[in-house]
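The values are calculated or read from the model by the stated rules, or taken from the named source; none is laboratory data. Since the model is a prediction, treat every value here as computed from it, not as a measurement. Note: ideal-geometry Cβ built from the backbone for every residue, glycine included; neighbour counts use all protein chains shown.
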Amino acid sequence: MKILILGGSGMLGSECKEVLGRRHEIITPDRESLNIVSWDQVIDRLQQISPEIVLNCAGFTDVDASEEEDFAVRKINVEGPRNLAQGAARFGSKLIHISSDYVFDGQKTLPQPYFEDDLVRPLSAYAKSKAESETAVRENSPDYIILRTGWLYSRGGSNFIKAILSAALKLRNSALKVVDDQFGSPTWTYRVAHQIEALLNRGGRGTYHATSEGFCSKFEWAAFVVEKLGLKVPVEPCKTEDFPTPARRPVNSILENRLLKKQGINVMRDWKEDLNEFLDLYGEDLIKEASRD
Ligand SMILES: NC(=O)c1ccc[n+]([C@@H]2O[C@H](COP(=O)([O-])OP(=O)(O)OC[C@H]3O[C@@H](n4cnc5c(N)ncnc54)[C@H](OP(=O)(O)O)[C@@H]3O)[C@@H](O)[C@H]2O)c1
């Protein structure tokens with residue numbers, strides 16, 4: 001299949017380029033040659049490329065900065081997907097759009113997970129834009145997949161694991177404090193890319209959840225990484241209110257991959273299993289990289 005990937009320089013987009021590129025023809029224009037907020041560019045390039053699949057991994061993803069950048073967030077996270085949905089509809093492409101666990105308010109009693117058809121109630125500007133992006137896709141594209149994921153990590157890009165390593169290596173005689181009151185499922189971009197391929201093979205349609213199986217707190221996630229990599233740094237739990245951030249985050253970000261399971265195509269693995277494999281592969285490189293920060 002011919003797949004046009006937007007956001008190909010990002011964490012998930014670059015992984016999809018690599019994984020899907022093994023069996024498909026991939027086209028990944030950079031932001032200069034295809035800015036998703038430009039209707040003209042979207043239409044011109046879709047007409048020219050004529051992809052069977054448009055995979056939108058582009059987005060304004062800085063959750064805290066989104067509180068101050070409302071205009072840019074709405075342009076990139078809502079108008080961009082709307083342009084892609086209308087363009088995909090016009091040229092007969094299927095649109096796969098990536099959304100987020102943050103569309104939910106996280107008020108469900110732990111450890112109850114969110115299902116695909118639960119009501120969205122975003123808590124932050126970023127989350128609101130992702131919820132609106134979903135509506136834009138549903139209203140404008142007859143053939144779409146909305147894939148909600150969360151707590152992504154990968155070898156490239158900036159993410160929680162890299163931030164934890166960089167903070168841990170800077171500490172001298174003090175503990176690394178990490179919040180133990182936000183729960184979710186650390187999810188490897190590599191596995192999400194494989195899940196997207198499974199959805200393509202199955203001809204999936206509609207809204208899906210795709211995060212790792214199982215869940216943990218951010219404190220447990222950080223402690224797992226520090227212990228696995230043998231860093232001699234104590235990790236201590238703290239509360240979200242101890243480290244206030246501009247954007248509110250859901251307490252419960254646990255998603256159930258219910259539709260993937262119902263259709264027999266869930267390839268997502270337990271979060272510890274994937275994180276173990278990821279750290280076996282890249283742990284040493286990540287430590288070297290963090291020690292240069
Ligand atoms: N990270 C997470 O934990 C997480 C969790 C849930 C959902 N998601 C969703 O997953 C998707 C991918 O996230 P990510 O973390 O992989 O993103 P990322 O690493 O921040 O990359 C974002 C990508 O979007 C591109 N981009 C930004 N504005 C654009 C525009 N106007 N036109 C074209 N391209 C543009 C960027 O290009 P440049 O390199 O040129 O800036 C970059 O390639 C996003 O939709 C995000 O909301 C992420």
One residue is enough: does the stretch 27-34 have a residue meeting the conditions away from the ligand (no atom under 14 Å from the Cβ) and either at pLDDT 95 or above or of a type outside the set (Lys, Arg) (or both)? no
Counting only residues that are assigned to a helix (DSSP H, G or I) and of a type in the set (A, V, I, L, M), which one in the stretch 49-70 is nearest to the chain's Cα centre (by Cα)? Ala65
May I ask you to list pairs of residues, at least six apart or on different chains, whose Cβ atoms are under 8 Å apart, with the first in the stretch 177-197 being part of a helix (DSSP H, G or I) and the second being charged (D, E, K, R) and surrounded by 23 or more Cβ atoms within 10 Å (Cβ to Cβ)? Thr189/Glu15; Tyr190/Glu15; Val192/Glu15; Ala193/Glu15
Subset of the stretch 217-234 [more than 15 Å from Glu277 (Cα to Cα) and in a loop (DSSP other than H, G, I, E, B)]: Gly230, Leu231, Lys232, Val233, Pro234
The stretch 27-52: number of residues that are among the hydrophobic types (A, V, I, L, M, F, W, C) and surrounded by fewer than 20 Cβ atoms within 10 Å (Cβ to Cβ): 5
Which listed residue, of Ser133, Ser158, Ser141, is modelled with pLDDT under 95 and out of contact with any Asp or Glu (no Cβ under 8 Å at 6 or more places or on another chain): Ser158
Among the residues of the stretch 144-151, is there at least one that is more than 14 Å from the chain's Cα centre (by Cα) and surrounded by fewer than 21 Cβ atoms within 10 Å (Cβ to Cβ)? no
